[in-house]
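Below is one structure, written out as structure tokens; the observations come after it.
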Amino acid sequence: MNEAYERAKQTYASYGVDVEKALKILENIKISMHCWQGDDVHGFDQSGPLSGGIATTGNYPGRATTSEELMQDMEMALSLIPGKHKINLHASYAIFEDGEIVDRDAIKPKHFQKWVDFAKKHQLGIDFNPTLFSHPKAEKATLSSIDEDIRKFWIQHCQVCIRISEYFAQETGQPCVMNIWIPDGLKDIPADRLGPRKRFKDSLDEILSIPYDHELVYVTLESKVFGIGMESYTVGSSEFCINYVNEKHLTPLMDNGHYHPMEYVSDKISAMLLFHEHLALHVTRPVRWDSDHVVLLDDETKEIAKEIIRNGALDRVFIALDYFDASINRIAAWVIGMQNMQKALLQALLMPHDLMKKMQDKEDFTGLMVLQEQMKSMPFYDIWQQFLNTYDMDECWYEEVQAYEKNVLRKRGV
């Protein structure tokens, strides 16, 4: 393997690429791993069905049903993913004890103490999301609701989530990205598009009226093109969210499943970076629509990574994953997605971007196409193997997952 790595290093060096520098950079890139892959977005604060356009398909055995099981599964997945990363929590994953029941407008940092302990144990950061779905008061609308009591409930929920996000940042020593997304919209043609958006804007204004440490918490706003039950009208559209974050100097969040099929987030990144200090991403794999399939090493994932790297934006872009597949082993789904995001970033780090930019500026488009195609057949695998070796890992991780499934998951009875 060392011989193969040395040969690969020399091959990349002939294009002006410093492989060791690329590996060192990759080692320090934190990707936020979403907890909701492990239990199909059920959470711990409610027992009802998923709602708000959220749906999972499949019934693979072994779904986590308790916080202990979910942490155990996440620990297993993280042991197979090189590097130190972050975990991404929804507010619905609050942990209550001794029969305590707390609604979402009253959750406190103490309800996430076990998550902080877990993060500290594994040297992880924590990102956070208010949960504005799968709740009786989210059946029709949340922050855009015409019912003032419901709207106030969700405003309070988001405000307490800001406080919890500050707690995460203070405890872990890493900034917390707190993302707001709402499932509000209409199934059929609306009579009033402006009213709900005005109420949404007023709600956001009130949420952000409380003071918080902007160095510790990055509040983001996530748009959506449509969803189940809101096929004709989405309150939090891309235009609304981009204009709002611009006005309030927040961080925009782009989920690459939340756009029309022929729109690509990779193409949007450079435009957003020109106008925003930071940018947040939810990387997923939409199949025909926002279906949240496991991230693969596909063209769009690689293009997203290239845009981050070639624009020198690693310190400005927060990378998180967002998918939930209940048809396959959930731990394998985590590992596949996280490793594929890392592979995409490594491939991007191993490209001669400066040379390519010069060729484009000189309008040497033939030479550029030749070089781009040559990069596709470079000995990337040998470099990736070397990266795994530094963490005493290899490509045989699935055997460990299979053993864990046999010994742990299939004994759960779900």
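Looking at (1) outside any loop (DSSP other than H, G, I, E, B); (2) more than 17 Å from A119 (Cα to Cα); (3) touching a helix residue (DSSP H, G or I) at 6+ places or on another chain (Cβ under 7 Å), which one does D45 not meet, given that it meets all the others?
Every condition holds for D45 apart from (1).
Among the residues of region 12-35, how many are without any contact (Cβ under 8 Å) to a residue 60 or more places away in the chain, small (G, A, S) and in a helix (DSSP H, G or I)?
Residues that pass the stated criteria total 1.
Check P183 against each of (1) outside any helix (DSSP H, G or I); (2) closer than 18 Å to K108 by Cβ and name the one condition it does not meet.
(2)
Applying the selection to region 341-358, what residues are charged (D, E, K, R), in contact (Cβ under 8 Å) with a residue 12 or more places away in the chain and farther than 17 Å from I304 by Cβ? Full working, then the answer.
Filtering region 341-358 for residues charged (D, E, K, R) gives 343, 354, 357-358.
Filter once more, keeping what is in contact (Cβ under 8 Å) with a residue 12 or more places away in the chain: 343, 354, 357.
Correct list: D354, K357.
List pairs: first residue in region 295-319 and in a helix (DSSP H, G or I), second residue of a type in the set (F, W, Y) anywhere in the structure, Cβ distance under 9 angstrom, at least six positions apart or on different chains.
The qualifying pairs are E300/Y264; E303/Y264; I304/Y264.
Can you confirm whether region 346-360 contains a residue that is surrounded by 14 or more Cβ atoms within 10 Å (Cβ to Cβ) and either within 14 Å of the chain's Cα centre (by Cα) or of a type in the set (V, I, T) (or both)?
Scanning region 346-360 turns up no residue that is surrounded by 14 or more Cβ atoms within 10 Å (Cβ to Cβ) and either within 14 Å of the chain's Cα centre (by Cα) or of a type in the set (V, I, T) (or both).
Would it be correct to say that A8 is touching a Pro at 6+ places or on another chain (Cβ under 6 Å) and aliphatic (A, V, I, L, M)?
Working: touching a Pro at 6+ places or on another chain (Cβ under 6 Å): yes; aliphatic (A, V, I, L, M): yes.
So A8 passes the test.
Where residues in region 1-41 are surrounded by fewer than 18 Cβ atoms within 10 Å (Cβ to Cβ) and among the polar types (S, T, N, Q), which of them is nearest to N59 (Cα to Cα)?
The selected residue is N28.
How many residues does region 275-297 hold that are under 18 Å from the mean Cα position of the chain (by Cα) and within 24 Å of C176 (Cβ to Cβ)?
Our first condition is that a residue be under 18 Å from the mean Cα position of the chain (by Cα); within region 275-297, this holds for 278-287, 289-297.
Now restrict to residues that are within 24 Å of C176 (Cβ to Cβ): 278-284, 292, 295.
Selection size over region 275-297: 9.
So, T234, is that one closer than 25 Å to S144 by Cβ, surrounded by 21 or more Cβ atoms within 10 Å (Cβ to Cβ) and either in contact with a Leu (Cβ under 6 Å, 6 or more places away or on another chain) or β-branched (V, I, T) (or both) or not?
Considered against the rule, which asks whether it is closer than 25 Å to S144 by Cβ, surrounded by 21 or more Cβ atoms within 10 Å (Cβ to Cβ) and either in contact with a Leu (Cβ under 6 Å, 6 or more places away or on another chain) or β-branched (V, I, T) (or both), T234 comes out as yes.
One line per residue, one yes/no per condition, for (1) free of Cβ contacts under 8 Å to residues at least 60 places away in the same chain; (2) of a type outside the set (S, T, N, Q); (3) out of contact with any strand residue (DSSP E or B) (no Cβ under 9 Å at 6 or more places or on another chain):
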{"position": "I126", "(1), (2), (3)": "yes, yes, no"}
{"position": "H135", "(1), (2), (3)": "no, yes, yes"}
{"position": "E139", "(1), (2), (3)": "no, yes, yes"}
{"position": "R151", "(1), (2), (3)": "yes, yes, yes"}
{"position": "I155", "(1), (2), (3)": "yes, yes, yes"}
{"position": "C161", "(1), (2), (3)": "no, yes, no"}
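Filter region 93-150 for residues that are among the charged types (D, E, K, R) and crowded, with 21+ Cβ neighbours inside 10 Å; which is nearest to M71 (Cα to Cα)?
D127
Any residue in region 192-200 that is assigned to a loop (DSSP other than H, G, I, E, B) and at pLDDT 95 or above?
Yes, region 192-200 contains at least one residue that is assigned to a loop (DSSP other than H, G, I, E, B) and at pLDDT 95 or above.
Within region 223-237, is even one residue modelled with pLDDT of 95 or more, within 25 Å of L345 (Cβ to Cβ) and part of a loop (DSSP other than H, G, I, E, B)?
Yes: one or more hits.
Six or more apart or on different chains, Cβ under 6 Å: which pairs go from a residue in region 359-386 that's under 17 Å from Q342 (Cα atoms) and in contact (Cβ under 8 Å) with a residue 24 or more places away in the chain to one that's charged (D, E, K, R) and assigned to a loop (DSSP other than H, G, I, E, B)? Could you list them?
Listed pairs, sorted by first residue: none to list.
Select from region 107-153 the residues that are hydrophobic (A, V, I, L, M, F, W, C) and part of a helix (DSSP H, G or I) and list them in ascending order.
F112, W115, V116, F118, A119, A138, I150, F153
List every residue pair whose Cβ atoms sit under 9 Å apart, with the two residues 6 or more apart in sequence or on different chains, where the first one lies in region 70-90 and is on the phi > 0 side of the Ramachandran plot and the second, anywhere, is of a type outside the set (A, V, I, L, M) and modelled with pLDDT of 95 or more.
These pairs meet every condition: G83/E27; G83/N28; G83/K30; G83/Q342; G83/F387; G83/Y391.
Could you give me the residue pairs with C-beta distances under 9 Å whose first residue belongs to region 250-274 and is under 24 Å from C176 (Cα atoms), whose second residue is of a type in the set (K, R) and assigned to a loop (DSSP other than H, G, I, E, B) wherever it lies, and which are 6+ apart or on separate chains?
D255/K224; G257/K224; H258/K224; L273/R316
Could you tell me which of the residues G83, G99 is among the small types (G, A, S), closer than 30 Å to L26 by Cβ and part of a loop (DSSP other than H, G, I, E, B)? Steps first, please.
On the way: G99 fails: closer than 30 Å to L26 by Cβ.
Matching residue, one of G83, G99: G83.
Of the residues that make up region 44-65, is at least one modelled with pLDDT under 95, crowded, with 21+ Cβ neighbours inside 10 Å and of a type in the set (D, E)?
The answer is yes, given that some residue of region 44-65 is modelled with pLDDT under 95, crowded, with 21+ Cβ neighbours inside 10 Å and of a type in the set (D, E).
The values are calculated or read from the model by the stated rules, or taken from the named source; none is laboratory data. Computed from a predicted structure; not experimentally measured. FYI the Cβ positions are ideal-geometry reconstructions off the backbone, even for glycines, and counts take in every protein chain you see.
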